[in-house]
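Take a look at the structure below.
The values are calculated or read from the model by the stated rules, or taken from the named source; none is laboratory data. Just so you know, these numbers come straight off a predicted model, no measurement behind them. Heads up, the Cβs are rebuilt from the backbone with ideal geometry, glycines too, and the neighbour counts pull from every protein chain shown. Each accessible area value is taken on the protein alone, full model and side chains, heavy atoms only, with ligands, DNA and RNA left out. Shrake-Rupley method; radii C 1.70, N 1.55, O 1.52, S 1.80 Å.
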Amino acid sequence: MTRMIIAGAQLGAIQKADSRQAVVARMIDLMEQAAARGAEMIVYPELALTTFFPRWYMPDWNEVDTWFEREMPNGATQPLFDRARELGVAMTFGYAELTPEGRHFNTSILTNRKGEIVGKYRKVHLPGHDEYDTTRAFQHLEKRYFEPGDLGFNVWRNEGVIMGMAICNDRRWPETYRCMGLQGVELITIGYNTPAVNSQMSAEGLEKRLFHSDLSLQSGAYQNATYVVGVAKAGVEDGHPLIGGSIIVDPDGFVLARAETEEDELILADCDFDKCAFGKSTIFDFARHRRIEHYGRITSQTGAIIDV
Ligand code: ING
């Protein structure tokens, strides 16, 4: 029987001018609060070390690369890994990864309770666009600054739990969860930076964005009998609002904890991973119920084809 108190560490706004050191200090403060409340794992947002820089058009790639990390851990993040080891807290957090070969990914890492990196994920579903778009109220240049992830959706047995990761827009695609569900996943961590308004349809407001975030996370959890922890970078970054709404969801799809602010905020839940077994052995016993002979379109066809 594996139980773990898991913390979601929502981060408030990170301004363009904020240093990585200042952000890491905030992350360590949340980790210490979480450890004091018995947490054995902490989940941080997507691109947790910097502002959501894909909102800015930067023609100079030397400037773009200042938002990326060339190694992990590094000088700015080593104190976080050291404190995690001292406190015995596993963690996931997202950052912009620049590889030695010069490739750019929107990445998340997973550590064990000794502060050792045991897994890495690179964001597969990149929203937005790759050129400056004059029609948008603000830019969303993830397709410009990142390559689609090349590692796929994997899981790791970490601290006795089968864990997987996804990032932000990935949570809107059911394939994300099912690829890990088919590997027996029991915990999926998903950091996100979601603009509070639609750059193309200003009528779409905060309520709808929060609803769609909950809907995506809860359905992924229920349909794959897994815990899901969705954690926001929230608040107003240089005038641009991001939604909060961090939640911890159980394998039945129920929300166990929810952030109430758009600031640095901790949410916690005591997760009993035996609760995954019932769904995986009954309604979502994939081996007994799935009919893959009818699912071919899902991997053979990218876009919709209408021929009726
Ligand atoms: N952000 C947003 C997300 O998927 C978005 C982009 C918002 C797409 C709302 C569609 C609707 O939550 C990131 N960083 O993926």
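Here the spin labels are modelled as points 7 Å beyond Cα on the Cα-Cβ line, and at residue 32 and residue 254 they lie 3.5 nm apart. The dipole here belongs to the stretch 7-300: it is taken about the Cα centre, uses +1 on the Cβ of Lys and Arg and -1 on the Cβ of Asp and Glu, and is about 760 debye.
Give me the one-decimal nm value for the distance between modelled label points at residue 99 and residue 82, 7 Å along each residue's Cα-to-Cβ direction. The two pseudo-label positions are separated by 3.1 nm. When the charge dipole of the chain is built from unit charges on Cβ atoms (+1 for Lys and Arg, -1 for Asp and Glu) and taken about the Cα centre, the candidate among 5, 294, 111 whose Cα reaches farthest toward its positive end is 294.
The simple Förster model, with R0 at 41 Å and r as the Cβ-Cβ distance, assigns residue 2 and residue 134 a FRET efficiency of 0.20. Computed from backbone phi, the HN-Hα couplings of the stretch 133-144 come to 10, 5, 7, 8, 5, 8, 8, 9, 8, 5, 6, 7 Hz, rounded to whole numbers (Karplus: 6.51 cos²θ - 1.76 cosθ + 1.60, θ = phi - 60°; Gly and Pro given as x). Check cross-link reach from residue 208 to the lysines: straight Cα distance under 29 Å, and skip same-chain residues fewer than eight apart. Correct list for residue 208: 16, 123, 143, 233. Taking every protein chain into account, the 1.4 Å probe leaves residue 130 with about 80 Å² of accessible area, to the nearest ten. Comparing 157, 288, 85 in a Gaussian network model of the chain where C-alpha atoms under 10 Å apart are linked, the largest mean-square fluctuation is found at 288. So if R0 is 30 Å, what FRET efficiency would residue 147 and residue 290 give, r being the distance between their Cβ atoms, rounded to the nearest 0.05? Efficiency for this residue pair is about 0.45. Loop sites here are GluC sites (Glu not before Pro) outside DSSP states H, G, I, E and B with no more than 10 other Cβ atoms within 10 Å. The longest part of the chain free of them is 132-308. Taking amide H positions as modeled 1.01 Å from N, with prolines and chain starts lacking one, the residues under 5 Å from residue 271 and 5 or more places away or on another chain are 4, 5, 6.
In the chain, helical runs assigned H by DSSP with n ≥ 4 each contribute -39500 (n - 2.57); averaged across all residues and rounded to the nearest 500, the mean residue ellipticity at 222 nm is -7000 deg cm²/dmol. Treating each Cα of the chain as an identical point scatterer and summing with the Debye formula, the log10 of I(q)/I(0) at q = 0.07, 0.09, 0.13, 0.14 Å⁻¹ comes to -0.25, -0.42, -0.91, -1.05. Cβ-Cβ distance of residue 62 and residue 15, R₀ of 25 Å, FRET efficiency by 1/(1 + (r/R0)^6): the value works out to about 0.75. DSSP beta bridges confined to the chain are antiparallel in about 65 percent of cases.
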